[in-house]
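Here, each number is a calculation from the coordinates, and none is a lab measurement. Given the structure is predicted, the values throughout are model-derived calculations rather than measurements. Methodologically, a virtual Cβ is constructed for each residue, glycine included, from the backbone with ideal geometry; neighbour enumeration extends over all protein chains shown.
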Amino acid sequence: MTVIDEPALETPDHGTPPVWGEPSAHVTIDGITVMVPPGTSVMRAAKIAGIDVPKLCATDSLKAFGSCRLCLVEVEGMRGTPASCTTPCTDGMVVSTRTEQVQQLRRGVMELYLSDHPTDCAGCARGNCEMQGLAHDVGLTEVRYGLGGASHLDEAVDESNPYFAYDPKACIVCSRCVRACSETQGTFALTVQGRGFDSRITAGGTDFLSSECVSCGACVQACPTDALTEKSVVELGMPSRTVITTCAYCGVGCSFKAEVQGSGDDTRVVRMVPWKDGGANEGHSCVKGRFAYGYASHRDRQLSPMVRDSIDDEWQVVTWEEAIARVAEGFLALREKYGTGSIGGISSSRCTNEEVYVVQKMVRAAFGNNNIDTCARVCHSPTGYGLNHAFGTSAGTQDFASVEQADVMLVIGANPTDAHPVFASRMKKRLRAGAKAIVADPRRIDLVRSPHVEAALHLPVRPGTNVAFVNAMCHVIVTEGLWNEPFVRERCENADAYLAFIARPEHSPEATQDVTGIPASDLRAAARLFAAGPNSAIYYGLGVTEHSQGSTMVMGLANLAMLTGNLGREGVGVNPLRGQNNVQGSCDMGSFPHELPGYRHVSRPEVREIYESLWGVTLQAEPGLRIPNMFDSAIGGSFKGLYVQGEDIAQSDPNTSHVEAALRAMDLVVVHDLFLNETARFAHVFLPGASFLEKDGTFTNAERRINRVRPVMPSRVGRDEWQVVCEIATAMGYPMSYADPSHIMDEIAATTPTFAGVSFARLDAQGSMQWPVTDAAPHGTPTMHVGSFVRGLGQLTETVYVPTTERANRRFPLVLTTGRILSQYNVGAQTRRTPNSTWHPEDVLEIHPSDAELRGIVPGDVVELSSRVGTTRLTAQVSDRMPAGVVYTTFHHPVTGANVVTTENSDWATNCPEYKVTAVQVEVVTEAARAQAGAGAHVPADAVAGRP
């Protein structure tokens with residue numbers, strides 16, 4: 001007898017989800033007895049017994065459907081032949097899966113399917129279609145109705161989508177694609193049209209490109225035939241091997257099986273298949289992770305090191321040895337001439353933990369200072385500051401699966417469907433199941449009204465007033481007696497002072513509604529809904545952090561969670577949605593100038609001693625320069641040299657003119673990246689980097705999940721990035737070397753308490769782990785702050801609302817806020833070099849109809865967007881998704897350079913830029929002005945960059 005008592009062996013798609021506990025159902029299948037939990041489907045029980053039941057409509061990611069009739073079985077005492085995928089097991093059940101009656105029924109069903117299936121099915125020939133194998137499994141040798149002769153669909157193949165094609169002739173209308181689109185993705189873009197032989201799959205009555213399809217690939221993955229096929233498979237053929245790795249786009253951290261052909265330099269990626277066992281995505285994906293990997297082999301990749309004496313000179317290709325010597329000698333000379341603090345580095349949230357760790361080590365040990373910062377400075381540094389202040393750790397509190405237990409979700413300053421689409425699908429699934437959403441965002445994002453999902457409340461909070469908003473929420477909860485007094489009294493400090501502060505009349509919804517733009521009645525309703533829960537979770541993004549009060553707002557959200565007791569269990573928590581794939585990891589690794597790995601301040605002697613003993617150097621006890629300080633010091637003449645790892649600061653950082661002036665003022669700028677980007681226009685040395693397909697290491701996602709990144713192909717540039725950094729440090733006189741990246745992780749684990757139990761071997765065996773990984777939590781910690789906070793008692797903080805100095809005025813009467821779009825990513829360096837540009841070929845300016853009418857703007861007009869620091873031009877998109885007085889754009893295309901207009905305003909605690917509030921004016925560009933000046937802010941570097 002086989003006893004199964006591990007939940008991981010049961011899938012949610014075949015029958016009622018089981019109630020796990022003591023196994024209670026003895027089931028005999030084809031003479032083999034297994035014991036399974038109640039609710040397990042007969043199909044799943046058969047699989048456990050080692051018996052495969054033929055199936056078409058059932059998959060391991062969709063709910064049981066029972067439509068294909070291939071999985072029929074006989075059950076003693078039960079009339080007919082039920083579908084095994086929808087039939088739950090009961091104690092004592094006896095099942096037969098291969099009786100003559102069952103086999104005859106299956107052959108008849110299979111005949112009907114094949115009668116409407118092409119005889120020349122390319123998928124069958126490729127091994128990409130299940131029909132031929134199923135016919136063999138059921139013993140079908142001939143089709144009486146004429147194989148393929150009754151095909152009723154004569155439409156042309158839909159080639160509109162750049163990544164996959166739809167061939168109606170190969171479609172058997174099994175509905176797997178339709179169900180994947182609705183159940184997994186939650187877009188509901190596909191449907192079955194017609195009945196019988198006239199039935200067909202349609203994408204909203206139009207082609208795939210014009211439909212609501214978001215190209216996540218769920219339909220392609222679900223399709224059992226050649227009807228939906230990736231074009232890469234048609235072009236390259238089927239893959240020969242698989243490598244499991246992690247996506248290098250957003251902070252969800254999806255796991256993929258990279259299916260490839262060839263080996264060595266002849267390696268070709270055929271497709272990226274979402275990995276079912278990926279802890280973050282569980283087999284789902286988005287258009288970027290699934291399809292937009294072609295940039296790794298794009299012709300714009302710079303594959304050789306290059307140097308030049310002046311930014312006005314032409315690039316000269318050199319060897320790695322020459323480039324590394326040039327960097328080391330240059331930094332040493334600057335340090336000798338201008339002092340130890342005259343050089344520094346910026347690490348990248350796109351790189352692995354191991355690569356980031358060695359960069360901060362190089363700066364501290366070889367450069368001799370703490371002038372190390374990371375691109376997280378300009379996105380989530382307030383998260384680190386605020387959550388550490390409140391809870392004692394600089395990270396989110398839950399895993400993604402926790403949302404499945406949430407009853408109320410407060411989504412603020414985040415657009416998950418565009419920026420974190422795989423997690424957004426999970427959110428929408430929970431909302432369809434009955435949870436409520438409160439969306440606080442100036443823009444009417446898709447989550448406000450998606451198919452079969454509608455937010456309970458949309459609160460269009462005015463940009464720059466988040467703190468007033470959260471204070472009003474907390475005010476209602478306290479003054480109406482909705483707060484969780486036992487939780488606050490037992491687990492929080494500063495309670496009395498905070499309660500007195502938040503109860504003041506100036507924090508009431510009535511007093512703040514003119515500030516926030518939210519009617520008092522709506523805000524009171526939101527506060528009551530959140531407090532009622534019973535499980536209420538907070539999900540936030542850069543619309544919270546990228547403000548002058550970003551850190552204050554993060555502490556305000558922590559206050560809200562503590563007041564209502566929504567911490568320390570599933571379905572609750574404060575959850576930052578990280579923008580880039582390794583924002584969390586780059587911060588964990590000590591990339592801030594005031595912190596060593598594990599968020600330990602450089603002033604702590606016992607922490608410095610750990611690294612001084614291991615590294616054999618004396619570390620500075622004073623924090624180094626932040627990125628904005630580096631720029632200011634460069635313009636002031638005291639900061640002269642900068643190493644930039646995988647970050648395009650000249651496009652992504654605010655007030656582009658100021659950034660460019662700082663880069664021009666430096667004597668040595670070293671860019672380590674894939675492409676000649678905007679920052680490389682000011683560089684003296686260019687070091688070619690490796691794509692994620694070439695990396696070996698780990699990423700840490702927004703839920704603190706440490707995922708392995710495995711090399712799918714050899715490095716195209718002849719060096720791993722961590723090796724280059726080590727060679728620079730060594731050439732500067734500080735020996736650094738590792739046998740491979742696993743040894744870097746071993747050093748991280750030996751010196752960083754939260755990573756103490758992490759190793760490549762354990763990750764390879766377990767799949768992933770969420771830090772802290774310690775002796776007390778050897779498999780990781782999905783939920784933080786259970787029972788107590790990391791800091792002991794949670795810190796309730798008086799969050800005083802201080803209006804931003806960046807306000808609309810007569811000269812600049814509108815407010816600009818920025819964000820992202822689904823198909824493009826960050827500054828677009830990767831996605832712009834893929835067919836993703838089909839959906840978003842340029843950044844556009846969304847403007848409310850009343851603001852457009854006032855200025856004589858119609859859709860498609862080229863408009864000039866200007867602020868007190870700069871001007872650029874974009875195409876106008878008139879949209880009522882924006883409130884009047886607010887305009888919106890993305891920053892994916894350097895030709896428009898949205899950050900030309902963003903200002904130097906920043907968060908009071910962390911210098912995170914205030915991207916979300918810029919006072920602007922918008923005017924139509926006349927034909928004469930357009931002809932005179934052109935449409936863009938400047939010619940982007942990658943528009944003119946060629947391989948030297």
Most to least packed among 720-728, 431-439, 388-396 [average Cβ atoms within 10 Å]: 720-728, 388-396, 431-439
Greater than 21 Å apart at Cα, pairs in Lys63/Lys428; Lys63/Lys231; Lys55/Lys257: Lys63/Lys231; Lys55/Lys257
Cα-only radius of gyration and Dmax that characterise segment 523-603, units Å: 15.1, 46
Arg664-Asp266 pseudo-label distance in nm [points 7 Å out on the Cα-to-Cβ vector]: 5.1 nm
For peptides 250-256, 619-625, sequence by mean Cβ density within 10 Å, most packed first: 250-256, 619-625
Within the chain, percent of DSSP bridges classed antiparallel, to nearest 5: 55 percent
Between segment 344-378 and segment 810-857, the Cα center-to-center distance that results, in Å: 32 Å
Selection from Leu523, Leu845, Gln651 lying farthest towards where the dipole of the chain points positive, charges on Cβ: Leu523
Pair-distance profile P(r), taking every C-alpha pair of the chain, with 10 angstrom steps and integer %: 2, 11, 20, 24, 21, 13, 7, 2, 0, 0
Cα-centre dipole for segment 112-235 with unit charges at Cβ (Lys and Arg positive, Asp and Glu negative), debye to 20: 280 debye
Karplus (6.51, -1.76, 1.60) ³J(HN,Hα), θ = phi - 60°, over segment 175-186, in Hz, Gly and Pro reported as x: 6, 4, 5, 4, 5, 5, 5, 8, 6, 8, 7, x
Fraction in percent of alpha-carbon pairs per bin - 10 Å, segment 112-235: 13, 46, 33, 8, 0
Neighbour net charge for Arg528 - beta-carbon separation under 12 angstrom, K R +1, D E -1: 0
Peptides ranked, highest mean first, by Cβ atoms within 10 Å: ranges 270-276, 89-95, 348-354: 348-354, 270-276, 89-95
Under Karplus coefficients 6.51, -1.76 and 1.60, residue-wise ³J(HN,Hα) of segment 245-253 in Hz, glycine/proline x: 9, 10, 4, 10, 9, 6, x, 5, x
Hydrodynamic radius by Kirkwood, which averages 1/r over all alpha carbon pairs of segment 788-931, in angstrom: 16.8 Å
Relative pair counts by distance (%), Cα atoms of segment 381-576, 10 Å bins: 10, 40, 40, 10, 0
Amide H partners (placed H, <5 Å) of Cys492, local residues excluded: Gly794
Other-chain or far-sequence residues with amide H under 5 Å of Ala440's (modelled H): Val411, Ile412, Gly413, Leu459
Segment 381-576, relative contact order [Cα under 8 Å, separation at least 6], %: 34 percent
R0 of 45 Å, Cβ-Cβ distance Glu100-Arg881: FRET efficiency to nearest 0.05: 0.15
Counted charge near Phe789, where neighbours are those whose Cβ lies closer than 14 Å (Asp, Glu -1; Lys, Arg +1): +1
Gyration tensor verdict on segment 450-566 (Cα atoms; rounded if a/c is under 1.5, prolate if a/b is larger than b/c, oblate otherwise): rounded
Of all DSSP beta bridges in segment 814-944, antiparallel share, percent nearest 5: 60 percent
In Hz, Karplus ³J(HN,Hα) per residue of segment 664-679 (6.51, -1.76, 1.60; θ = phi - 60°; x = Gly, Pro): 5, 6, 7, 8, 8, 10, 10, 10, 10, 7, 7, 10, 6, 9, 4, 5
